[in-house]
1. Taking neighbour Cβ counts within 10 Å as the exposure measure, how do LYS169, LYS238 sort from fewest upward?
2. Exceeding 21 Å between C-alpha atoms, which entries from my cross-link table qualify? They are LYS148/LYS269; LYS128/LYS183; LYS138/LYS169; LYS138/LYS183; LYS76/LYS183; LYS118/LYS238.
3. Could you calculate the contour length gain from ASN202 to ASN190, that is, 0.36 nm times the residue separation minus the distance between their Cα atoms, to one decimal place in nm?
4. Compute the FRET efficiency between ARG317 and VAL263 as 1/(1 + (r/R0)^6), taking r as their Cβ-Cβ distance and R0 = 30 Å, and round to the nearest 0.05.
5. Among GLN132, TYR104, PRO85, flag the residue with its Cα farthest along the positive direction of the charge dipole of the stretch 84-178, charges on Cβ as +1 for Lys/Arg and -1 for Asp/Glu.
6. Could you put PHE114, PHE231 in order, starting from the residue whose Cβ has the fewest other Cβ atoms within 10 Å?
7. What order do you get for HIS278, HIS153, HIS140, HIS249 when you list them from fewest to most C-beta neighbours inside 10 Å?
Amino acid sequence: MPRSPQPRKATHIATLIPPGPVHRALSMAGKIMALLMVLALIGALWPTSSGNAHTPNDTANTTPPAAPISADGLAKLDFAFVNDPIWYDGQAEQADYDATRSMYGQPRQYVARFFTNKEPYSPATATKAAGQGIEVFKFHVREDLPTKNYTYHYSTMAYVQTDDLSAVKLQMGSNEDCGATFKEATLLGNLVAWRQSSYFPNEGVRQGSFDAGADLVFHDALPLVLRGYPFADASDLKLRVVPEATTTHLSPVEPVDAVVRYVDRAAVKVPAGTIVAHQLEVAYPDGQTERYWFDADPRTQHVMVQAETGVADYALRSVRRWAYWSE
């Protein structure tokens, strides 16, 4: 996974009033006033139930967020899997994986569940649209990691625009017996507004925004986005990747450059069986690489078969379609 610098300190509440004599001289009222002013500025960008600065009170707004793409990036993708009629059968895809993630210096084995379906999205409220909205993929990864004393629970939700598979919104919540962490990043026009809250000492709450730029994707959504790689006409794909958010600590938010390269097509043995899969490599400027394998059979919509990210490993054990929200 990409490891970019920590979120910009200029947006960290703790840096608003630097330490020193001036800091000690400020009254408590002054500190509170400074904090409220910054929160007001960030809040002006943030969507609420009554709308935001760009689309006030417009719950039926269907204007896509402004996420540009380039000829060397998302424009190269093959959208055959996106347009497959199966996504309109009123159900969702659930893919289960045998997964391994390190915790306390030891590999932890568990079953990860990936849920994928389409739904209408309202840019005005940054939620599922009550009526008409823009079409997005909702990609939900549920991970429960057992440790000796308690279980870590991760729920990571990425919203990806179906028109170009660019980033729209990300939410991550984690909880275990020591505390809870929450993260959110939302595309608002040409900006991504983000905020994170961690219970760890010296972390706390941070928030800010950055320019979306071209070809923006969430690392946590790569198992979905890369299903659209042009396997029949393999060529390098250049993306800007927001680093992985699935961690109990604060995580970097600034996108880093990445190049997706085709490696080969070969049979891969996973718990689900032996599957012929396309292997892709994602390379980052720091020299780190990740590997993803996708089913070569288009009838599976190129579901991810295996992944090795350097943080977590996944091997497909089963896939099914069902309405998991129904009783």
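1. Numbers: LYS169 24, LYS238 16.
With the fewest neighbours first, LYS169, LYS238 line up as LYS238, LYS169.
2. Numbers: LYS148/LYS269 30 Å; LYS128/LYS183 18 Å; LYS138/LYS169 9 Å; LYS138/LYS183 17 Å; LYS76/LYS183 30 Å; LYS118/LYS238 25 Å.
Beyond 21 Å between Cα atoms: LYS148/LYS269; LYS76/LYS183; LYS118/LYS238.
3. On the way: separation 12, 0.36 × 12 = 4.32 nm, distance 3.07 nm.
Full-extension gain reported as 1.3 nm.
4. Working: r = 23 Å, r/R0 = 0.76.
With a Förster radius of 30 Å, E is 0.85.
5. TYR104
6. Details: PHE114 22, PHE231 17.
Ordered from fewest to most neighbouring Cβ atoms within 10 Å, PHE114, PHE231 come out as PHE231, PHE114.
7. Details: HIS278 23, HIS153 14, HIS140 18, HIS249 11.
Ordered by Cβ neighbours within 10 Å, fewest first: HIS249, HIS153, HIS140, HIS278.
Every number in this text was worked out from the coordinates using simple rules, so none of it is lab data. Please read all numbers here as calculations on a predicted model, not as lab measurements. Counting neighbours? That spans all protein chains shown, and the Cβs are built from the backbone with ideal geometry, glycine included.
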